[in-house]
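A short write-up of the structure that comes next.
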Amino acid sequence: MTTFVSPKKHLGQHFLRDENIAKKVVGSLFRKENYKTVVEVGAGTGVLTKYLLQEKSFETYVIEIDRESIVFLKKNFPQLEGMIIENDFLEFDPSWLPSAINYQAFAIIGNFPYNISSQILFKVLEYRNQIPEVVGMFQKEVAERIASPPGNKTYGILSVLMQAYYKIEYLFPVHENVFHPPPKVKSAVIRLTRNDTEKLNCDEELFLKVVKAGFNQRRKTLRNALGAKFTVKNLESELLKKRAEQLSVNDFVELTKKIEKGLS
């Protein structure tokens with residue numbers, strides 16, 4: 001088997017080399033009854049792909065933008081024929097998948113490039129009603145932020161937006177020495193499982209704007225942080241006396257509804 005692919009710095013490639021961790025990551029998919037397809041983002045040298053292909057409860061597709069990795073995968077995993085999508089996941093559209101499954105549920109898994117991991121999650125949110133589960137390797141700091149509860153200093157925009165639609169589980173840390181080349185940061189694996197919220201009980205576009213505005217000046221109370229964008233001066237709410245990091249998803253929904261009424 002050809003074993004060498006040159007890691008590309010501009011693509012944020014850090015190839016996982018530890019087989020046990022690869023098995024553990026793939027084994028973290030547990031809602032398999034909810035989907036028949038798994039999409040691996042950034043398959044690289046196929047260390048996760050190998051174990052995904054051993055699973056018989058779903059079909060595995062991989063999305064890869066690196067031409068050298070694509071050549072490697074085609075040569076070393078012939079069973080992937082017709083299952084490799086040569087494209088950038090940040091431009092993902094379910095129509096890339098075969099027409100028989102492009103409207104069905106699919107899970108996402110990957111050792112995500114850390115320089116675009118947040119953007120990957122925003123793409124997941126875009127198709128959240130088709131993606132019941134995500135298992136991913138992230139920079140440890142980002143993983144902790146996504147999973148962080150309210151009241152924590154690491155709790156932020158991504159925490160609120162992902163927790164609005166997914167249950168987040170911090171699974172395990174991963175040492176930098178198991179990658180080639182070793183990243184300069186710690187890593188961790190988290191699992192996102194779609195919750196029952198089909199739609200928030202407020203204007204979802206306004207919700208996003210309120211969350212972003214609140215955390216953009218997170219040291220200020222929300223009355224002051226939101227004042228530049230929204231008319232909250234005469235709005236009565238105890239939530240406005242707090243800082244953004246103190247509000248739960250439901251608190252942000254309630255605050256958005258109050259602001260929405262003020263705009264009408």
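The spread of Cα positions in the stretch 221-264, taken along each principal axis and listed from longest to shortest, comes to 25, 19, 16 Å.
Taking a straight line from the alpha carbon of LYS153, these lysines sit under 23 Å away, with near neighbours fewer than eight places off in the same chain left out: LYS140, LYS167, LYS184, LYS186, LYS209, LYS212, LYS220, LYS241, LYS242. Out of all Cα-Cα pairs in the chain, roughly what percent, to the nearest whole number, are more than 23 Å apart? Result for the distance tail: 54 percent. Based on the Cβ-Cβ distance of PHE58 and LEU125, what FRET efficiency does E = 1/(1 + (r/R0)^6) give at R0 = 30 Å, to the nearest 0.05? So, using R0 = 30 Å, E works out to roughly 0.85. In summary, the aspartates and glutamates within cross-link reach of LYS24, defined as a Cα separation below 18 angstrom excluding same-chain residues under 8 places away, comprise GLU40, GLU55, GLU133, GLU169, GLU176. The residues packed around LYS50, meaning those with a beta-carbon under 12 Å from its beta-carbon, carry a net charge of -2 if Lys and Arg are +1 and Asp and Glu are -1. Of all DSSP beta bridges confined to the chain, the antiparallel ones make up roughly 55%.
Spin-label model, ARG219/LYS9: points 7 Å from Cα along the beta carbon direction are separated by 3.4 nm.
Assuming 0.36 nm per residue, please report the length gained on full extension of the stretch GLU254 to ASN34 beyond their Cα-Cα distance.
76.1 nm
Which GluC sites (Glu not before Pro) from the stretch 164-223 combine a DSSP loop assignment with at most 15 other Cβ atoms within 10 Å?
When the GluC sites (Glu not before Pro) of the stretch 164-223 are filtered for loop state and at most 15 Cβ neighbours within 10 Å, GLU198 remain.
Estimated from helices alone, the mean residue ellipticity of the chain at 222 nm is -9000 deg cm²/dmol (sum of -39500 (n - 2.57) over DSSP H runs with n ≥ 4, per residue).
Placing a pseudo-label 7 Å from each Cα along the Cα-to-Cβ vector at HIS175 and ASN195 gives an inter-label distance of 3.6 nm.
Read-outs: derived from the displayed coordinates by stated rules, not from any lab. Computed from a predicted structure; not experimentally measured. Note that each Cβ is placed from the backbone with ideal geometry, even for glycine, and that neighbours are counted across all protein chains shown.
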